[in-house]
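Peer 1: Starting off with a structure, shown below.
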Amino acid sequence: MALNLKGLLSRKKKARAAEEGRDEPFFTGSTLGPGLGPDGDDDDAGGGTEAGPARDFDDLLDDDAWGGDEDDDGDERPARRGGGGKRIAVFAAIGIGAAALAGGGAWWVMTSGLLDGDHAAETEQHAEAAPADGAAAENSGSGAAATAAAQPQDSGARVSLPMPPAPGLGGGTPSTAGTPEIDPTAATDRSVSRRPWLAEGGDAAATPAAPTEAPKPAEPAQTAAAPAEAPKPAEAAKPAEAAQQPAAQQPAAPQTAAVTTPPADPAAPPAAPTTTAPALEDVDKPDPRTAAAPPPSFDGLPNPAGKPEPLTSAPVSDLVRNTPAGPLPIAAPDGRKAWTAYAKPFQAPAGTPRVAIVVADLGLLPAATDAAIAKLPAGVTLAFSPYGFDVAPAMQRAREAGHEVMLSLPMEDRGFPAHDPGPLGLNSLLPTNDNLIRLNTILTKGTGYVGLLGRGGRTFTAKPELMKPVLDTVARSGLLYVHPAGGVQLASYGQTQAPTVAADFALDERPFRSAIEARLKALETIARERGSALAVIEPTPLAFDAVTKWLADAQTRGIALAPVSAVVRP
């Protein structure tokens, strides 16, 4: 039951005013709420007003005016009933049912295709085509095939297009068996139905022969022998007439010669086989017979036989210049150079293949540095990293053990900056002067070395304008230079004053024993063919063990282990 609090309070106020014989104010406490008087005070708190005792909200709820049958003006009105909600529910159900019925009818009309304008016309078209099918069945040859191909092809309820007659099946001459003659060029770009100008131009020589008319075995031989026959006098007297004939009327002999492959001349010599044995037969995966073997260690390497002969003391005073950064190598006034003064003495019979092996980037791991100095043969050259620990003392120990020593020259490689050559690496993004400053800083890291070993550098060495100043500085310092494997050819830099040699490959690029052994065999092959070869290895126990075992009997095979200074090109 709806409650009208404002109307209830208004009626009570009117009744009270009528009993007291006074007019009702427009805004009173009863209109504002229970317990508020005309002056705005709380009637309940004050205990009552002049109009009568104070009333609380419970008294108002018990009043007969709540739900009465009279309105504000005293008129009677019918009592409200609770049937309004039922009527709303009935109306809502009727509306939902009507909407569902309308939606279902619309969906049926759309899916049935009744709205398509082509439906009636399509039905009539099929009805008219039925007699035509009966009449077409009486025709023979290409007429029947053309009529059957011209029938409408119904691919669905809404799309129907008549298919055109297939090219080559219509208009042909019926054969004796009643089968239409198929044009072999119907499906090619030489079809006359597709390109009518071919019939006028007479491009007969370019028209391929029918696939069903294979030439007999004797026809190619006759065609090949035809040019060798001497022409008859009557045929030779008409060259102009044959030239004036249109292309469509020419004899069919050129067409047959165009599609017939002449036999090979038996008198022609056979082509010489071109078989070139690769210099390197690389191994892609480890040998399972050696992969299970325990890995070698630096401590397990054998000691070299005999006592090594130490090299001369270094540095030579005439070959260095003291700088704030350290001793810098220079050429002596009398022409001596560091790469010859600090070189390891080498003697070998003339014509003996020479193999040079360089260990790169020593000094970073003390165990690897000590093993290279003490366990590797004295003929192996040792190259120290400019980032190593105590590089100068390590070089002195290596020279006392009979090793020729070098410095590694880091350069920008592919994949920079992921592959960073370090703060002293030569970089193609830097000016030439900055690269030369880095180079001179590297040269002060040690003494007694013969030259520089290029590391990485496939990006930096690819730019001759950057490499030429570097090689000129190396030459003025009296040093040699070993070019890294995989870079550009040294000849691209032009004539240089520094002794140079390029490494053939890195022995342990694939770090497993079978691959290292395969490259050692290739290195020996190159040395025998060219006279010398050079390879680089990393300071690992596996590489040291493989090289030591290969060098154990290299002398018996006629291979001489040489220092780098013995294989460079002056």
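Peer 1: Name the shape class, rounded, prolate or oblate, that the alpha-carbon gyration tensor gives for the range 329-384, where a ≥ b ≥ c are the square roots of its eigenvalues, rounded holds for a/c under 1.5, and otherwise prolate holds if a/b is larger than b/c and oblate otherwise. Before the final figure, lay out the partial values.
Peer 2: On the way: a/c = 2.95, a/b = 1.24, b/c = 2.37.
Oblate, because a/c is 1.5 or more while a/b does not exceed b/c.
Peer 1: Starting at the first residue of the range 523-539, write each ³J(HN,Hα) from the Karplus equation 6.51 cos²θ - 1.76 cosθ + 1.60 with θ = phi - 60°, in whole Hz, x for Gly and Pro.
Peer 2: 3J(HN,Hα) across the range 523-539, in whole Hz: 5, 5, 5, 5, 5, 5, 7, 9, x, 7, 8, 9, 9, 10, 10, 8, x.
Peer 1: What Kirkwood hydrodynamic radius, in Å, does the range 486-570 give when the mean of 1/r is taken over all pairs of distinct Cα atoms and then inverted?
Peer 2: Details: mean 1/r = 0.0711 Å⁻¹.
When all Cα pairs of the range 486-570 are included, the Kirkwood radius is 14.1 Å.
Peer 1: Hull surface divided by four, with the convex hull built on the Cα atoms of the range 354-394: how many nm²?
Peer 2: Numbers: hull surface 11.4 nm².
Mean orientational projected area (the range 354-394, Cα hull): 2.9 nm².
Peer 1: Next question. Tell me, what is a quarter of the convex hull surface for the C-alpha atoms of the range 407-516, in nm² with one decimal?
Peer 2: Numbers: hull surface 29.7 nm².
Projected over every direction and averaged, the Cα hull of the range 407-516 covers 7.4 nm².
Peer 1: Further question: Restricting to Cα atoms and excluding each atom paired with itself, what does the Kirkwood estimate give for the range 319-566 in Å?
Peer 2: Details: mean 1/r = 0.0548 Å⁻¹.
Here the Kirkwood hydrodynamic radius works out to 18.2 Å.
Peer 1: Still on this model: Express the carbon and sulfur contribution to the solvent-accessible surface of the range 319-566 as a percent, rounded to the nearest whole number, probe 1.4 angstrom. Each step should come with its number before you reach the end.
Peer 2: On the way: 5380 of 9910 Å².
After summing per-atom areas, the C and S share lands at 54 percent.
Peer 1: For the range 380-387, in order, what is each residue's ³J(HN,Hα) by Karplus, 6.51 cos²θ - 1.76 cosθ + 1.60 with θ = phi - 60°, in whole Hz (x at glycine and Pro)?
Peer 2: With the stated coefficients, the range 380-387 comes to 7, 7, 10, 10, 9, 7, x, 8 Hz.
Peer 1: Which pairs in the list Lys344/Lys445; Lys344/Lys521; Lys375/Lys468; Lys468/Lys549; Lys285/Lys344 are over 29 Å apart, alpha-carbon to alpha-carbon?
Peer 2: Details: Lys344/Lys445 20 Å; Lys344/Lys521 25 Å; Lys375/Lys468 37 Å; Lys468/Lys549 39 Å; Lys285/Lys344 37 Å.
From the list (Lys344/Lys445; Lys344/Lys521; Lys375/Lys468; Lys468/Lys549; Lys285/Lys344), the Cα-Cα distance tops 29 Å for Lys375/Lys468; Lys468/Lys549; Lys285/Lys344.
Peer 1: Would you mind checking which residues have amide H under 5 Å from Leu426's amide H? H placed 1.01 Å from N; only 5 or more apart, or other chain.
Peer 2: Close amide H contacts, sequence-distant or interchain: Met411, Glu412.
Peer 1: Still on this structure: Kindly write out, for the range 497-513 in residue order, the coupling ³J(HN,Hα) from the Karplus curve 6.51 cos²θ - 1.76 cosθ + 1.60 (θ = phi - 60°), rounded to whole Hz, with x marking Gly and Pro.
Peer 2: Karplus-based 3J(HN,Hα) across the range 497-513 equals 8, 7, x, 9, 7, 9, 6, 6, 5, 8, 5, 10, 4, 10, x, 9, 4 Hz.
The values are calculated or read from the model by the stated rules, or taken from the named source; none is laboratory data. In this text, all values refer to a predicted model and were calculated from it rather than measured experimentally. With ligands, DNA and RNA removed, areas are computed over all heavy atoms of the protein, side chains included. Shrake-Rupley method; radii C 1.70, N 1.55, O 1.52, S 1.80 Å.
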